[in-house]
Amino acid sequence: WEEERYPEGIKWKFLEHKGPVFAPPYEPLPENVKFYYDGKVMKLSTKAEEVATFFAKMLDHEYTTKEIFRKNFFKDWRKEMTSEEKSTITNLSKCDFTHMSQYFKAQTEARKQMSKEEKQKIKEENERLLKEYGYCVMDNHKERIANFKIEPPGLFRGRGNHPKMGMLKRRIMPEDIIINCSKDSKIPAPPPGHKWKEVRHDNKVTWLVSWTENIQGSIKYIMLNPSSRIKGEKDWQKYETARRLKKCVDKIRNQYREDWKSKEMKVRQRAVALYFIDKLALRAGNEKEEGETADTVGCCSLRVEHIKLHPELDGQEYVVEFDFLGKDSIRYYNKVPVEKRVFKNLQLFMENKQPEDDLFDRLNTSILNKHLQDLMEGLTAKVFRTYNASITLQQQLKELTNPDDNIPAKILSYNRANRAVAILCNHQRAPPKTFEKSMMNLQSKIDAKKEQLADARRELKSAKADAKVRRDEKSKKTVESKKKAVQRIEEQLMKLEVQATDREENKQIALGTSKLNYLDPRISVAWCKKWGIPIEKIYNKTQREKFAWAIDMAEEDYEF
DNA sequence: GTAAAGACTTGGAAGAATGTTC
DNA sequence: GAACATTCTTCCAAGTCTTTAC
């Protein structure tokens, strides 16, 4: 993992790839699939029909009932219509997409019902595509590309209350594409009859392909897979920065506690914000352009309306009640007792302000990060999230792992430690649709197992009694085998119960993000080595590939 | 110094693949 | 071997932070 280091800013010397795979062209609907306007059949032009199919495919989704979605969609759809279509189709409510929708459902069904051979053929075609376009050569390594397929056109689905939901994501053409590769590489050829927007040779960046997306006007990239050298090294670096923070975090904490008393308002706000970022693992909270995205906030962009101050609540003093929408419009709700000084400062920050005013009006992420940079090289707000997540995992693993436990119980402990981090970082998920049912299934399995255990115990008891009377080898053997059976069933029962606990506790918690992005994998690798847990129980294949550097590096005594 | 553009990480959901059960 | 449940993979949106432009 420690190969030659490049000079500042240089990411590679040689980069060769085959360019992106474009979305398949639009296939018009068969003649018998009809679209109705105002109850009458209407044949749409190809362009208008394509956009209509995007809507039809989403018809069962809640999105299509939302006013903003419908409004945005209709506006963009009309832009694709011929002038006749435009003059006829004036009201979305009069459009009937149900026949189209049924057709697509039938198609999905047919795909499921395909024969083994047909499915195999599709699989092989995908593999061929992956083999040809899914890899690149960066310096001396053949590397997997993360997303070599260009995003197909469709309707934009923002998250939360997004003002642009329903807008048309246009089809990306070769003429939109910037290719990045090295001068001495074989430059990918554009599809016949087309050319690239640009071919450049910039080795100060890691991307292979980029284009500008039409909804937000932002740039999208094709980059390498997490298993690649370039991503792995960066990941490793990230955790090393977090470990450097570990060494100076006490000093930083003392510093911001001092700053709560500062004469300067800006310094006080900075210090309180940093306290939240450290204690609650809040995100930095960059400013966002109003009206362009859903209204979500992070620490620096908190508004007065997002917190409530309780001098006393449920027997605790100085409680701050947070209630706001964070990244991806996930709600953050928390009641936290804070130090008196913080509380008094918050009261001060809120004085004479309206609910929609910024809580930290003298602060933004760039001021905060500049300050952090002065405290430690490479320190930014998000390092606190990484640091606190990883240190929590390490400490929870120490606390929760019981040396006498068997492997499933130890894994439950691991999951619980992981869960503590996910809760800290507020990683939530919608409870799975089948949650209640699957819980019930598991419970009935447990009940059945319990009965089985009772039976086995009864049998053991009578075998013992029998052996006492008979006193022969055969009955002794029977006792032994019955004992073993009881033990085996006990173990199975325990495994099921552990599984049930784990699942119940995990109902609304998403473990994936913290596992993949916040927890120094060396902590997990060391823990596995220490307790003889196979690494496969903790990381699946993809995860093991991503964390190959850590699996290689960490020994059982690794300390974050 | 500030705003916009650019580059890269982080995020949950949906879809695909695989495993389990009857 | 079909139907259902679970796990893995893909998708692409939405953040953070850096760099560039003015």
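The values are calculated or read from the model by the stated rules, or taken from the named source; none is laboratory data. Bear in mind the structure is a predicted one, so any value in this text is a computation, not a measurement. All Cβ positions, even for glycine, are placed from backbone atoms using ideal geometry, and neighbour counts span all protein chains on display. Quick note on the areas: whole protein, heavy atoms, side chains included, nothing else; ligands and nucleic acids left out. Shrake-Rupley method; radii C 1.70, N 1.55, O 1.52, S 1.80 Å.
General remarks:
- Calculated [θ] (222 nm, deg cm²/dmol) that DSSP helices of n ≥ 4 give over chain A, each run adding -39,500 (n - 2.57): -16000 deg cm²/dmol
- FRET efficiency, residue A:186 to residue A:511 (Cβ-Cβ, R0 41 Å, nearest 0.05): 0.45
- Placing a label point 7 Å from the Cα of residue A:173 along the Cα-to-Cβ direction, the residues of region A:48-82 whose backbone N falls under 20 Å of that point are A:48-52, A:76-82.
- For residue A:42 and residue A:261, the difference between the fully extended length at 0.36 nm per residue and the C-alpha to C-alpha distance is 71.7 nm.
- Separation of the residue A:221 and residue A:11 label points, Cα + 7 Å toward Cβ, nm: 0.4 nm
- Amide proton proximity set for residue A:21, modelled H, under 5 Å, gap of 5+: A:149, A:150
- Note on residue A:82 and residue A:62: with the Förster distance fixed at 41 Å, the Cβ-Cβ geometry gives a FRET efficiency of about 0.85.
- Only Lys, Arg, Asp and Glu carry charge here, each on its Cβ (+1 for the first two, -1 for the last two); on that basis chain A has a dipole of about 1380 debye about its Cα centre.
- Stretching the chain fully between residue A:409 and residue A:373 yields a gain of 8.7 nm (0.36 nm per residue, less the alpha carbon separation).
- Residue-span extension gain [residue A:306 to residue A:361] - 0.36 nm each, minus C-alpha spacing: 18.4 nm
- Globularity ratio of chain A, using Cα Rg and 2.2 N^0.38 Å: 1.22
- Among A:58, A:553, the order of accessible area from largest down is A:553, A:58, computed with a 1.4 Å probe on protein heavy atoms.
- Alpha-carbon centroids, region A:1-58 and region A:373-426: separation in whole Å: 39 Å
- Each residue of region A:331-346 is assigned a 3J(HN,Hα), and the resulting list reads 6, 10, 10, 7, 10, 10, x, 10, 5, 3, 4, 4, 4, 4, 4, 4 Hz, derived from the Karplus form 6.51 cos²θ - 1.76 cosθ + 1.60 (θ = phi - 60°), x at Gly and Pro.
- Relative contact order [Cα under 8 Å, 6+ residues apart], chain A, whole percent: 12 percent
- Between amide H atoms placed 1.01 Å from N, distances below 5 Å from residue A:303 occur with A:359, all of them 5 or more places distant or on a separate chain.
- A cut-off of 5 Å between modelled amide H atoms, ignoring neighbours fewer than 5 places along the same chain, links residue A:287 with A:365.
- Dipole of chain A computed with +1 at Lys/Arg Cβ and -1 at Asp/Glu Cβ about the Cα centre; of A:179, A:298, A:333, farthest Cα towards the positive end is A:333.
- In the assembled protein chains, residue A:103 presents an accessible area of approximately 60 Å² (probe radius 1.4 Å).
- Cβ-Cβ FRET estimate between residue A:197 and residue A:458, R0 fixed at 60 Å, reported to 0.05: 0.20
- Solvent accessible area, Å² - residue A:18, 1.4 Å probe, full protein context: 100 Å²
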